[in-house]
Every structure is written in C-alpha cells, then in structure tokens.
Amino acid sequence: MGKKIVIAEKDNIGAVIENGKVTEFFVHKGDVLLGDVYLSKVDNILPSIEAAFVDVGLDKMGFIHTDDIMGKGTLKEKVKPKQKLIVQVIKEPVGHKGPRMTTALSLPGRFLVLLPDEKGINVSRKITSQKERARLKSIVSLLKPVGVGIIVRTEAEGQSEAEIQEDIEMLLEKWNSIVNAADTANPPSLLYRDQDLLYRTIREACDNDVEEILVDTPFALHRATQLLSHWNMQDKIKITLHKDTEPLLVQTGIIKEIQNALNIKVNLPLGGYLFIQQTEALTVVDVNSGKFVSSSSQAETILKTNLEAADEIARQLKLRNIGGMIIVDFIDMTSRVDKLRVLEHFELALANDKAKPQIGQLSDLGLVELTRHRQGQSLAEVFTKKCDKCNGTGYIIEDLKVANSTAQGELKAKMNKIKGPFNQNQNNKKFNKFNKNKQENRPQNVQNNEQQLQETVVQETAQEFVEKVEATPIETPVIEVKIEDKKENTKRKSAKKAKSKKQEQPIEEKTSSEVETQTVEEKLVEVVTSVPEEKPAETKKKTRKIKTKTTESIDITDDIKDIVEDIKKPTEEKTEKQEKAEKFPKKKQRAKGRKSAKMKKEEETANA
C-alpha cells in the first residue's frame, strides 16, 4: 500500500497513513498554535536570566530570550518596558509555562520560506545535486526583493521558475498584511494565524509518494484540486470526496489510532510491549519482551525485541509529537555487536523525522539518550486534560486519620460502658483505688484534660436528664398517714382509734396551675412536711407508714428517691428514740444510778 492523506475539516484533524498505519497527525486545536504572529507589549525585563516577558493577550506571559530578539547590544539596549514587538510563537505553552516567542519571523510556503528580518539565500541540504542547487539559487536571487531572506525547501527541486515566483508573491503578500495590521492594531492582538488545515497538511505531507487524498467537504475537494493544479501534481494524486454516512475519521480508523496513541502501553507484533510515560522534564520509554519466547536463545529473543521496538519507538515519537529529552531503556544486551546493530537500526528509523532527533551513545545499562525538536503541542496535551482529583499524578492520597490521645480514648471507652448515673463507680472501692493509682502515674496535663472532658460530659448528661424529668407530667400523690400500735392494747383500743381518725386527714390535692409552677423538689418537700407530727408523751412505740395512691405510675429515678429518703430519716430516728424513752423510763434512771455508783467508787479509789 502507498501513502494516503486524510483531511477532516469538520473535525480539524488531518493524518498521514503509510502501509495501513498512521504515521503523523495534523491538529488545529487550542488557543495558541505554532507559527502564530502577535503584536505584543514588553511587560518585564529580567537581566539576571537574559530574558523578557511579553503580554500577548493570554493567561500566561510569553517568554522571549535575548538571543531571539533581533539586534545588537545587551537586553536593555534591545528592548524597553512597554515597547511594542511583533513576535511569533516558536514553542506552544506546556504545563505552567507560557509560550516561547521570537522576533525572527518565518513564513513557510510550499517551496520557499520567507525570513523578513534576515538576508541571503539558503538551499536545503537534501538537494544533493550541485547543478540543481545553483539553478534554484539563481532563480530566487532574481525574484526576491531586497532586504528579505529566502530558504529553498526540498520540495522546490525540479520546479519551474513560474511556480517559485508564485510562491514568493504569496509569501510577500502575507508579510505585507501582517505589517499593515501591526500599524493599526493595539497590543496585545493576534496578527496572523495559519488556520487553513487543508493547505498546511498538503504543504507539509504531500510528495511524490502520495497516491490519494481523502476530504469530507465539497469545498475542500475544490481547493485541494486547485492547489495540486498549481503545483502540477493533479495527474499523480487522486482526490476523493467522502460521501458515506459514517464519519471519515471512523471509517479510516484514525479515531482508534488516536486512542491507542494516548495509551501508556503499546503492544508489539511479536508479543513484546512498550511503556511510554511523558513528564514535564523528559519522556521515558521502557522496552519489555513480554510473551515473545519463540526464538532459539535468549540473546536472539532480546535482539529481535529491541529491533522491533526501535521501529515502533520512531513511529510513536512522530505520531505523538513528543519533543525534548527522551530516554529509551532497551533490554540489556551482552554482545557489543548486537548493541551496535540496534543503535544503527534506530538511527535509520529516525532518519525521515522532520524534527531532526539527535541520538547519543548506548550506555552500559542499555539506555539511549536523544533529543527531538518540539513542533507544537504533543498529542496528549491536545486531547487530554489533568484530572481534577489527582492533578495529573494518577494517584489519590487517602485521608490521614490521626488517633486521639490515650487519655481521651480511655475516657470515651469508660463513658460508653456506663449506663446509669455517672457517680455509680464511687461506691466501688477497688475501682476508685485502681483509678487513683492510674491517675497518679499520668502527667498532670493529661489528668487535667481528662477531668475537664469528664466534667463537660457529666454536665451535658445531667442537664439533659433534668430537662427530661421536668418535661414529664407529674400528678401529686394523695398520701394517707396512719399511726398504728405494733402491740395492741385492749383497754385503750377505742381511744387510740378515735385519735388516729382525727389525725388521719387526707392531704388536699393541689390545682394543676400550682403543680406546674413548682419544681419537683418543692413538691416532694411539701408532701413530706405535710404529715402531722405526734407528741412524744401521748404515743408509745408507734411507727408511721406512708401509703400512696396515684392515678398513674410516676417514673422517678434513683436520685429523686435518695432525696426523699434523706428527708425521712431524721424524723424516723427521732420518733424511735422518743418511743423507747417513754416506754422504758425506769431503765434510764437505773442506768444513771449505776453510773453514779461507779463514779463514786472510782473517786474513793482515787482518794485512797
């Protein structure tokens, strides 16, 4: 199969297909394109790095080195702040870097390249015939105006004087339009852009090996026919218009090739594979044998894999438009003859690359260093963007969870185990002793933190408990107090019953408004204090029993019960002592008499 050019103007993508494989892409996408001409304004001058930054109307400033500024003298003598400059993009922005600019403009044509700020005529080195070189140089010297430079391209070989003159006139017309736009425009502004994808693709890729050109619009078909007729190539190349419903890029397999070119892994036909990883500093290519084990020896397997990898690496560098420093890690070879063979094969594979790669020597570790001139953005920079999650690294850092201090962790574990009142462990002597010894061994700041945390937790829980109790509706119980004799006396039974009936007066129920205004503690105190007290002289060994009658069950916690018991204890103890004193008055007198007799005996012995 021969060479074929596919131009999809609807998608702004062009491609060159050789032997069924895509070898080169032409893409018109992005805010800044290689070869754009701007009217800029000098923003900052940095003598320390011999460079200046110019404003071209983009998010990032353009960078221009002193060697790229036409003229003689130092940097401050060449440019001044706020000065207007006509600059051209020679390197598109990459990463956080802005575009690189130059004042030495170059306008490429089909057969010639116009250099407005230089003088002289140069002929391509690929034209080897001295007679042809002299003919072309004489034609250009007669046609070009004074004060401009011309480079004769390889495609001019064998062309007539009329074709070369037409190319010169077209380039001079472009330059005049740029100068006129710079006189009327205000910086920063775009003066010229090579937006014609069809013209650029045919100009750069069309040669005698091309057999067919595929286009997707009738207008592109007309213009391609017109260009080829001017260059006397209409009889050699077939121009076809794509009319199928399926898109041109899909039918020709270009979309699939673009997707494969964006992958890191590239499979080789014999079973090996490549890993191509691009960074801002350099590009690394790793060669692996993979599943290729059909050779008779290990050395032969390594040699065949490296030779196949050399051809594919040369294709991938051109296809992906990778520039800058490139390091290729071939499989280690022990034979020096094999190393030289792989290196020569690699140089031949890169010979047809217009970016002019420069290859270094093969190191002892099997590494090959080479540099490739950047020609616009790489394929990955055009069709991909950084991930907003990993910022282009391919990895996401997990949340770094730091454990709490030991004091807080232990306290939380203890508080989770406690279900009731938080002072229930105070009754446990073993727990208090263990906790005291443990706190003594801790630092003072840890104990203070633990105490503060515990106090806050207890306060919050106690506050929630009080709010819950106050929110619950409570009805005041009706309390009946009865005083009964443990040993009934038959003689005074009727009299005691009469007295008890007088004393057993039911406590009047309070209204709902009073209940709502009083707190829980005040209600309990009123209930207890409302019980009538008996005189100690009239009662004998009497106990009080309190019986409650409630319409609904009241949910009173242990803390409230303790308050009731504390109020009841002193009255109960007092009544028991009074009953014993009234029942056994003679025993107390006898005890006092005995004590006085003993005291007398002690005094007598002391006197003796």
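The values are calculated or read from the model by the stated rules, or taken from the named source; none is laboratory data. Owing to the predicted nature of the structure, the values given are computational and were not obtained by experimental measurement. Don't worry about glycine lacking a Cβ; one is built from the backbone with ideal geometry, like all the others, and counts go over all protein chains shown. Areas reflect the complete protein model, heavy atoms only, side chains present, ligands, DNA and RNA absent. Shrake-Rupley method; radii C 1.70, N 1.55, O 1.52, S 1.80 Å.
Compute the accessible area per residue over segment 134-266, keeping the other protein chains in place, probe 1.4 Å, unit Å². Before the final figure, lay out each step's value.
Details: 7140 Å² over 133 residues.
Accessible area per residue: 54 Å².
For segment 210-336, which whole-number percentage of the solvent-accessible area (1.4 Å probe, protein heavy atoms only) is attributable to carbon and sulfur atoms? Walk me through the numbers on the way to the answer.
Values: 3470 of 6670 Å².
The nonpolar share, carbon plus sulfur, comes to 52 percent.
How large is ³J(HN,Hα), in whole Hz, for each residue of segment 177-182 in order, when computed from phi with the Karplus curve 6.51 cos²θ - 1.76 cosθ + 1.60 and θ = phi - 60°, using x for Gly and Pro?
Computed from phi, the couplings for segment 177-182 are 5, 5, 5, 5, 5, 5 Hz.
For segment 249-333, just list the percent of Cα-Cα distances falling in each 10 Å bin from zero outward, please.
Values per bin, smallest distances first: 16, 46, 27, 9, 0.
Leaving ligands, DNA and RNA out of it, rank M101, M70 by accessible area with a 1.4 Å probe, largest first.
Working: M101 0, M70 85 Å².
Largest accessible area first, the residues go M70, M101.
Over the heavy atoms of T154, what accessible area does a 1.4 Å probe trace out, to the nearest 10 Å²?
That residue has around 50 Å² of solvent-accessible surface.
Would you please give the residues with an amide H less than 5 Å from that of Y192, counting only those at least 5 places away or on a separate chain, with H modeled from the backbone geometry?
Those lying under 5 Å, H to H, from Y192 are V37.
With a cut-off of 8 Å between alpha carbons and a minimum separation of six or more residues, what is the relative contact order of segment 92-211 in percent? Kindly include the intermediate steps, with their values, before the conclusion.
Details: 125 pairs, mean separation 30.8, N = 120.
Reported relative contact order: 26 percent.
At a probe size of 1.4 Å, how large is the accessible area of L85, to the nearest 10 Å²?
20
Give, as ranges by residue number, the residues of segment 16-40 whose backbone N falls under 19 Å from the point 7 Å along Cα→Cβ of T184.
Only 37-40 fall inside the zone, counting backbone N under 19 Å.
Cα extents of segment 282-404 along the three principal axes, largest first, in whole Å?
Its Cα atoms span 63, 39, 25 Å along the three principal axes.
Between T154 and N391, how high is the FRET efficiency from 1/(1 + (r/R0)^6) when r is the Cβ-Cβ distance and R₀ = 45 Å? Nearest 0.05. Write down the numbers at each step before the final one.
Working: r = 44 Å, r/R0 = 0.97.
Calculated value: 0.55.
Compute the convex hull volume of the Cα atoms of segment 178-274, divide it by the residue count, and report the result per residue in Å³ as a whole number.
Roughly 206 Å³ of hull volume per residue.
Could you compute Rg(Cα) / (2.2 N^0.38 Å) for segment 49-125, with N its residue count?
On the way: Rg = 14.1 Å, N = 77, 2.2 N^0.38 = 11.5 Å.
Ratio of Cα Rg to 2.2 N^0.38 Å: 1.23.
Note down the nm distance, to one decimal, between modelled labels 7 Å out along Cα→Cβ at V250 and at Q298.
Computed distance between label sites V250 and Q298 equals 4.9 nm.
With all protein chains present, calculate the accessible area of C390 using a 1.4 Å probe and round the result to the nearest 10 Å².
Using a 1.4 Å probe on the heavy atoms, I get roughly 20 Å².
Could I have the simple spin-label model distance between E398 and D209, label points 7 Å from Cα toward Cβ, reported in nm to one decimal?
Each label point is offset 7 Å from its Cα along the Cβ direction, giving 5.3 nm.
Kindly sort Y395, Y192, Y38 by accessible area of their heavy atoms, largest first, with the probe set to 1.4 Å. Numbers along the way, then the final one.
Working: Y395 180, Y192 40, Y38 10 Å².
Final ranking, largest accessible area leading: Y395, Y192, Y38.
On the Cα set of segment 53-208, report Rg and Dmax in Å, please.
For segment 53-208, the Cα radius of gyration and maximum Cα-Cα distance read 17.5, 51 Å.
What's the Cα-based Rg to Rh of segment 218-362, Rh via Kirkwood?
Values: Rg = 19.8 Å, Rh = 18.1 Å.
Using only Cα positions, Rg/Rh for segment 218-362 is 1.09.
Ignoring ligands, DNA and RNA, please state the percent of accessible area on segment 1-151 from carbon and sulfur, probe 1.4 Å. Mind showing how you got there, number by number?
Values: 3860 of 7660 Å².
Carbon-and-sulfur percentage of accessible area, whole number: 50.
Test of understanding: what is the full-extension gain from D31 to F219, defined as 0.36 nm times their sequence separation minus their Cα-Cα distance? Could the numbers behind the result be given before it?
On the way: separation 188, 0.36 × 188 = 67.68 nm, distance 2.52 nm.
Full-extension gain reported as 65.2 nm.
Can you tell me the relative contact order of segment 189-268? Whole percent, Cα pairs under 8 Å, sequence separation 6 or more.
Numbers: 44 pairs, mean separation 21.4, N = 80.
Worked out over segment 189-268, it gives 27 percent.
So for W231, W175, what's the accessible-area order with a 1.4 Å probe, most first?
If we order W231, W175 from most to least accessible, we get W175, W231.
Assuming R0 = 25 Å, can you tell me the calculated FRET efficiency for the pair K76 and N12, based on Cβ-Cβ distance, to the nearest 0.05?
Working: r = 42 Å, r/R0 = 1.68.
It comes to 0.05.
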